[in-house]
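Taking it in order: structure first as structure tokens, then the write-up.
The values are calculated or read from the model by the stated rules, or taken from the named source; none is laboratory data. Computed from a prediction, not measured in an experiment: that's the story for all the values here. Note that we place each Cβ from the backbone using ideal geometry, even for glycine, and neighbour counts take in every protein chain shown.
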Amino acid sequence: MKMKKKVSIIFWILIILFLAIQIYPVIWLFMASVKPSTELAVAPFALPKKATFDNYLSIFREGSIFRYMLNSLKITVISVLLIVFLSSTAGFALSKFKFRAAHPIYRFFTFGIMIPVQITLIPLFCFYSKMHLLNSAFSLILPQVGFALPLSVMMFYSFYDFVPNELIEAAIMDGCSTYKMFTSIVFPLAKNTVITVASMQSIFIWNDFIFGNTFISDNKAKTVALGLRDYVGAFGNVNWGMTFAAIAVTILPPMILYFALNKYVTAGMTLGSVKG
Amino acid sequence: MKGVIRDKKAFLVFLLPCLLFYLFSVFYPIEESIRLSFMKWGGLGAKKFVGFQNYIKLFQDKVFYTAFFNNLIYLAIVVCMQVLIGLLFAVLLTYIRRGATLIKTLYYVPCIITTVAVTQMFRSMYAVQPEGIINQVLKAFGLGRFATSWLTNTKTVLACVSIPEGWRYSGLYMVIFYAALISVDPEICEAARVDGANAWQTLFRVKIPMIKEVLLLVLTMALTGALRGFDIPYILTNGGPGNVSELMSTYMYKKAFGSNQFGYGSAIAVFIIVESMLVVAILNRIFTSKDEIEEKKSLRRTRRSKARS
């Protein structure tokens, strides 16, 4: 018994050590953002002696951060609505209809999970510049939604598998049309899947860097991830205080979403993967 | 054919919007990439068909080989960190009773932070002026001679651009492993214990083989993820100094958007996708044992004979 206790203590020490390494940079980030710049230069990693909100005030006064966040918000909301709409309907078609084509099409969707996003950058860039779509919200929404579809379709598909066929048959017997059945019976049942897909994808899309960096060059259209590099010159003249404050502000929305819906976010990741 | 609805029109109404969107946003660009990889094109003017010239150039390009081998080292560091730390931490968590949920929640936090933020945090940790925490800690322990300018030192830079990616996603894999480990039937572990297996044997001979499927999946995700690694190396060093930390995707990006060689860039992109698919195929091969292959074959045979009759 004594042995067991010792082992358990060792386990706890290890766990706390790993956890500390894992979240220290995040905590340090918030600490650094409230340090006056003089202190940041001398002792960047010590606890702040005197907290100041100057860094926050200066990024708010400068103001562009609001524009970046608004741009990101717009893209995230439209993309997530599209993802939920497209994948909930397609998942329903593939899971609950009696057609031979359904399974191969489902395999075709799941195949998309392993496609690297980089392959689309050059063709989409050429397509957008021809159509004068560079710097538009559309240029980001299109690939974001497209690459979110495989996983989302998979998640809706596996949820609909739990909806008993008898329920569908009963609705058909009662003379309910297929569309009515979807909007008033099946979709409301999928509430948890909707929350999972939406929360997970919002975090992904909000954080996107590669699409934004390729298709957006205009300051007015910049998203959060691109805006964060504004406070950082090429080399040297980085305003670290402002950078940290800006990072802290922009990672807050996904953090809030994550802590509020944490069960759904992680469930989505694991469900999506275990089902693979 | 497990569904019950036979309404063909409704099937198309539900399926087509999604399928068309998917084809247009994912498969049309792939087709275009493959087509462009046989062209010479500077972004303006006419595209010129050059056959396999881009690919021939690719295999004679020294920087491409550097990028390829760098990518392998990057992959080794990232996958080891993600899978080993993720698995180790998940195993540790299964042995504690209270607080596991809270610890899991906190451990996952880096996964939800944008890569730009992650990169800026690591940049200031690696920094020399003002002195970053890594050099400070080394000096505090009297190891000041190891302190270096991490991102410009050609010996350390590749590891330095790999570590943030490994750090960031170990939480994701931990959560997946943890979910798989706790879903292993406790009766099986109990039976192993009764048969005289110690804790190590139960773990390595019973629990880990039981989560083989998940392990395959995690390895697939981690490997294909590392092959396409881009954000952090791009922001941190953009392949520099010189090409010392160049990866395939940063090189592709440079060629296409830096020097307008869209055809050549596309050839690199096609190489990345082929390589990812190869990795997935090889992994599936390794993880499918002989019995399972036989099983699948016979299943296919019965299905075919059923279809005939």
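Of B:Val91, B:Val83, all but one fail to be touching a residue at least 12 places away in the same chain (Cβ under 8 Å), farther than 26 Å from A:Asn207 by Cβ and assigned to a helix (DSSP H, G or I); the exception is B:Val91. The requirement of being closer than 23 Å to A:Met255 by Cβ, within 10 Å of chain A (Cβ to nearest Cβ) and touching a residue at least 40 places away in the same chain (Cβ under 8 Å) is not satisfied by B:Tyr169.
Pairing residues of region A:96-124 that are farther than 20 Å from B:Ala226 by Cα with residues that are of a type in the set (Gly, Ala, Ser) and surrounded by 20 or more Cβ atoms within 10 Å (Cβ to Cβ), at Cβ distances under 7 Å and at least 6 apart in sequence or on separate chains, gives A:Ile122/B:Ser33; A:Ile122/B:Ala256; A:Ile122/B:Gly265; A:Ile122/B:Ser266; A:Ile122/B:Ala269; A:Pro123/B:Ser33. Scanning region B:270-292 for residues that are over 21 Å from B:Ala76 (Cα atoms) and in contact with a helix residue (DSSP H, G or I) (Cβ under 9 Å, 6 or more places away or on another chain), which turns out modelled with the lowest pLDDT? Per the criteria, the residue is B:Thr288.
When the residues of region A:20-41 are filtered to those that are facing chain B (nearest Cβ under 7 Å) and surrounded by fewer than 17 Cβ atoms within 10 Å (Cβ to Cβ), the one that is modelled with the lowest pLDDT is A:Ala41. Filtering region B:201-243 to residues that are surrounded by 17 or more Cβ atoms within 10 Å (Cβ to Cβ), charged (D, E, K, R), in a helix (DSSP H, G or I) and within 11 Å of chain A (Cβ to nearest Cβ) leaves only B:Asp231. Only one entry of B:Val78, B:Val109, B:Val118 meets the criterion of being more than 10 Å from chain A (Cβ to nearest Cβ) and out of contact with any strand residue (DSSP E or B) (no Cβ under 8 Å at 6 or more places or on another chain), and that entry is B:Val78.
When region A:140-173 is filtered for residues that are among the β-branched types (Val, Ile, Thr) and either at pLDDT 90 or above or assigned to a helix (DSSP H, G or I) (or both), the ones remaining, listed by number, are A:Ile141, A:Val145, A:Val153, A:Ile168, A:Ile172.
Do we have any residue at all in region B:53-67 that's at the interface with chain A (Cβ under 8 Å from one of its Cβ atoms) and under 22 Å from A:Ile210 (Cβ atoms)? Checking region B:53-67: not a single residue is at the interface with chain A (Cβ under 8 Å from one of its Cβ atoms) and under 22 Å from A:Ile210 (Cβ atoms).
Within region B:62-73, being in contact with an Asp or Glu (Cβ under 8 Å, 6 or more places away or on another chain) and not polar (S, T, N, Q) holds for B:Val63, B:Ala67. With respect to the conditions (1) modelled with pLDDT of 90 or more; (2) more than 30 Å from B:Gln120 (Cα to Cα); (3) not in a helix (DSSP H, G or I), B:Ala267 falls short on a single one, namely (3). Among the residues of region B:2-34, those identified as within 18 Å of A:Phe125 (Cα to Cα) and within 7 Å of another protein chain (Cβ to nearest Cβ) are B:Phe21, B:Tyr22, B:Ser25, B:Val26, B:Pro29, B:Ile30, B:Glu32, B:Ser33. Checking each residue in region B:26-52 for being hydroxyl-bearing (Ser, Thr, Tyr) and part of a helix (DSSP H, G or I) picks out B:Tyr28, B:Ser33.
Mind listing whichever residues of region A:179-198 are over 29 Å from B:Lys8 (Cβ atoms) and modelled with pLDDT of 90 or more? If the condition is that a residue be over 29 Å from B:Lys8 (Cβ atoms) and modelled with pLDDT of 90 or more, then A:Ile195, A:Ala198 are the ones that fit.
Every condition in (1) in contact with a helix residue (DSSP H, G or I) (Cβ under 6 Å, 6 or more places away or on another chain); (2) at pLDDT 85 or above holds for B:Arg123 except the one numbered (1).
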